[in-house]
1. Consider A58 carefully, then state whether it is assigned to a loop (DSSP other than H, G, I, E, B), open to solvent by less than 100 Å² (accessible area, probe 1.4 Å) and not aromatic (F, W, Y).
2. Between a residue in the range 56-79 that is free of Cβ contacts under 8 Å to residues at least 12 places away in the same chain and within 15 Å of R34 (Cα to Cα) and any residue that is open to solvent by 40 Å² or more (accessible area, probe 1.4 Å) and not polar (S, T, N, Q), which pairs come within a Cβ distance under 6 Å, given they are 6 or more apart or on different chains?
3. With the structure loaded, tell me whether I13 is out of contact with any Gly (no Cβ under 9 Å at 6 or more places or on another chain), on the phi < 0 side of the Ramachandran plot and at pLDDT 85 or above or whether it fails that test.
4. So for the range 63-71 (the condition being surrounded by 10 or more Cβ atoms within 10 Å (Cβ to Cβ) and either in contact with an Asp or Glu (Cβ under 7 Å, 6 or more places away or on another chain) or at pLDDT below 85 (or both)), does at least one residue qualify?
5. Among (1) more than 28 Å from the chain's Cα centre (by Cα); (2) modelled with pLDDT of 90 or more, where does K24 come up short?
6. Can you find a residue that is in a loop (DSSP other than H, G, I, E, B) and either polar (S, T, N, Q) or within 15 Å of L82 (Cβ to Cβ) (or both) anywhere in the range 13-34?
7. Among the residues in the range 10-28, are any closer than 23 Å to V91 by Cβ and open to solvent by 90 Å² or more (accessible area, probe 1.4 Å)?
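The values are calculated or read from the model by the stated rules, or taken from the named source; none is laboratory data. From a predicted model like this one, the values you see are computed outputs, not experimental measurements. Positions of Cβ are generated from backbone atoms using ideal geometry, with glycine treated the same way; all protein chains shown enter the neighbour counts. Note: areas computed on protein heavy atoms with side chains; ligands, DNA, RNA excluded. Shrake-Rupley method; radii C 1.70, N 1.55, O 1.52, S 1.80 Å.
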Amino acid sequence: MDIVTLLPFIVLIGAMFLMTRSAKKKQQQAAAMRDQLQPGTGVRTIGGMYATVKEVHADMVLLEVAPGVHAVYAKNAIGAVLADDEYNRIVHGDDDLKTDGTVVPDDASSLTDVADKSEDAKIDLGKKPEADGDAADEADEAKETAGEAVSKDAAAKDGKAGDNAADDAK
C-alpha cells in the first residue's frame, strides 16, 4: 500500500491516543484529589451539594450536609475539594472576598445622575407638533386614496372571477 492511503488512519490513531491520554490524566488527578480527603474538609458533590467530610472509608464518604444531617456518598460523587475560605464564603456567606478593581452594580440605576430625573428632561421621539388642520387634511387624503385602491382591486378580482365562472359553464 501507498503511504498516502495509510496517512489518514495514522492521524486518526494518533488523535485517539492523545485524547485518551488527556482523559486518563484527568481521571488520575480526580482520584488523587479524592484520596486526599480528610475529615473536616469542605467538598462539592457532582450534584452541586456543599458538605463537610465527617468520615472517609475505602469507597464511601460520610458527609455532613447540614448541622446534624449526615449522608453517605460514594467517593466518585465528590466533584471538588474546596479550600476552607472558599467553602466558608459559599456555605456560610462570609464576605471576606477581596476585590481588586471597581465593583460593578447589579443594575444601571446607580450610574445615572439625579439631575437627569427631573421632569424637564423629556424624550424626543422625533414627532413634531404640526397645525391640527394640516395634519387632519393629509390623513383624510391618505385614507381616501387607500380606500379607492382597495375598491379597484376588489372590482378587478370580481370581474376575473366572473369570467372564469362563465368559461367553466361553457
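1. On the way: assigned to a loop (DSSP other than H, G, I, E, B): yes; open to solvent by less than 100 Å² (accessible area, probe 1.4 Å): yes; not aromatic (F, W, Y): yes.
Against the criterion (assigned to a loop (DSSP other than H, G, I, E, B), open to solvent by less than 100 Å² (accessible area, probe 1.4 Å) and not aromatic (F, W, Y)), A58 qualifies.
2. Taking only residues 6 or more apart or on different chains, the pairs are L62/K54; L62/E55; L62/H70; L62/V72.
3. On the way: out of contact with any Gly (no Cβ under 9 Å at 6 or more places or on another chain): yes; on the phi < 0 side of the Ramachandran plot: yes; at pLDDT 85 or above: yes.
Yes.
4. Yes, some residue in the range 63-71 is surrounded by 10 or more Cβ atoms within 10 Å (Cβ to Cβ) and either in contact with an Asp or Glu (Cβ under 7 Å, 6 or more places away or on another chain) or at pLDDT below 85 (or both).
5. It fails just one condition, (2).
6. Initial filter on the range 13-34 (in a loop (DSSP other than H, G, I, E, B)): none.
No; the residues of the range 13-34 include none that is in a loop (DSSP other than H, G, I, E, B) and either polar (S, T, N, Q) or within 15 Å of L82 (Cβ to Cβ) (or both).
7. We begin by selecting, within the range 10-28, every residue closer than 23 Å to V91 by Cβ; these are none.
Looking for residues that are closer than 23 Å to V91 by Cβ and open to solvent by 90 Å² or more (accessible area, probe 1.4 Å), one finds none in the range 10-28, hence no.
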